[in-house]
Amino acid sequence: MGAQQKIAIVGAGLGGAAAATLLQQAGFEVTVYEQSPEFSRLGAGIHVGPNVMKIFRRMGLEQPLEQMGSHPDFWHSRDGISGDYLSRIPLGEFARREYGAAYVTVHRGDMHDLQINSIAPGTLQFGKKLETIVDEGDQVRLTFTDGSQATADIVIGADGIHSKIREELLGAEAPIYSGWVAHRALIRGENLVRHADVFEPCVKWWTDDRHMMVYHTTAKRDEYYFVTGVPHEAWDFQGNYVDSSQEEMLAAFEGYHPTVQKLIRSTEDITKWPLRNRNPLPLWSRGRLVLLGDACHPMKPHMAQGAGMAIEDAAMLTRCLQETGLTDYRTAFELYEANRKERASRVQAVSNANTFLRTQEDPAWVYGYDIYAQPLKSGVAA
């Protein structure tokens, strides 16, 4: 590949970090530029399905991730009012046997820290907010707000829904506010003990226009996390989130099952986030620039696969660059889009529709997928 051939990744979130590790393991020279000054253990959880765990296996991170996370035996869906079970999707040992890997719920910050530590030392640079990016034909020049510059042979935009790389490819356009917000809270296990109730390891409470997804985030099950989807007419606030409260939550889930009420009363801090997305993009790459994850196909979090799709993108893009070599990056980008667009778009549509696992269904098309077992389709994606 040659030391002179360099890949720059803009954004060190879950997708960008996965791309960095996989590409470095494949022998590419990679530098990651992250605008945050540092990462902290933000209060959010994440589902890691077997489709993603197989990629962590390739990175050598499957075992430590299994050890830090919770392993639910089922995904339960329940009627928000009556508590009746709408579906009971087997996970646990069934997932290992049928889908080829474990199903884990974990704290997003713990998983991210694991990923960051797998990137080669010295190749992740913090405090690098991208200001301009210019494809000069033979290389890409990046300029950052701190005045520094860098060059690379290709640039991977893993910089989220507000992607600067996407803006360079398609022009400035604000993401679409969905009309929904997500309340998020991380609850200490001792707070739950006050209530004589059964708090299941992985359960989604549903009514017609809102829901609450709840699960443990540690192997010890000493943290319990919820994320909601609730209609909200407008988003008039600056920033990514605002503080919420028990009172607001109790009003939003008035009439819900007593277990949900007790869960809300166990919280200490609640935040409220607007859910934004974009329509499917007409292109995923141009010249020496290529997108992955939320920069490319953001989605509502209702299927617990948004980060999974970014990590799958990272794995497929690595496969395609290995197939062609970095010199023939154009063919690699065409292969990447041809082999990712259909699946990512399907997951995006199902996630946005918020129907996944509400009733008894077979999720094998999601969890049984092995990105390394898929034969590469040639040609440009439709």
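So here's what we get for this one:
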read-out	value
Subset of the stretch 247-266 [part of a helix (DSSP H, G or I) and open to solvent by less than 50 Å² (accessible area, probe 1.4 Å)]	M249, L250, A252, T259, V260, Q261, L263, I264
Check on S163, of a type in the set (G, A, S) and buried (at least 21 other Cβ atoms within 10 Å of the Cβ)	yes
Subset tally (residues that are without any contact (Cβ under 8 Å) to a residue 40 or more places away in the chain and either in a loop (DSSP other than H, G, I, E, B) or in contact with a Lys or Arg (Cβ under 7 Å, 6 or more places away or on another chain) (or both)) for the stretch 340-373	3
Residues satisfying the stated conditions in the stretch 273-286, i.e. under 14 Å from Q348 (Cβ atoms) and open to solvent by 30 Å² or more (accessible area, probe 1.4 Å)	R276, N279, P280
Entirely in the stretch 152-240, the strands (runs of 3 or more DSSP E) that have 3 or more residues that are in contact with a Phe, Trp or Tyr (Cβ under 8 Å, 6 or more places away or on another chain)	176-188, 202-206, 211-216, 223-231
Set E312, E323: member being surrounded by fewer than 24 Cβ atoms within 10 Å (Cβ to Cβ) and assigned to a helix (DSSP H, G or I)	E323
Any hit, the stretch 356-374, residues being farther than 22 Å from E173 by Cα, open to solvent by 10 Å² or more (accessible area, probe 1.4 Å) and at pLDDT below 95	yes
Residue count for the stretch 167-209, restricted to those that are among the basic types (K, R) and crowded, with 19+ Cβ neighbours inside 10 Å	2
Options Q125, Q149; residue that is in contact (Cβ under 8 Å) with a residue 60 or more places away in the chain and either surrounded by fewer than 20 Cβ atoms within 10 Å (Cβ to Cβ) or of a type outside the set (V, I, T) (or both)	Q125
Members of the stretch 287-301 that are assigned to a helix (DSSP H, G or I) and either surrounded by fewer than 22 Cβ atoms within 10 Å (Cβ to Cβ) or out of contact with any Ser or Thr (no Cβ under 7 Å at 6 or more places or on another chain) (or both)	G293, D294
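The values are calculated or read from the model by the stated rules, or taken from the named source; none is laboratory data. Fair warning: this is a prediction, and the values are worked out from it, not measured in the lab. Please note: Cβ atoms are built from the backbone with ideal geometry, for glycine as well, and neighbour counts cover all protein chains shown. For accessibility, only protein heavy atoms count, side chains too; no ligands or nucleic acids. Shrake-Rupley method; radii C 1.70, N 1.55, O 1.52, S 1.80 Å.
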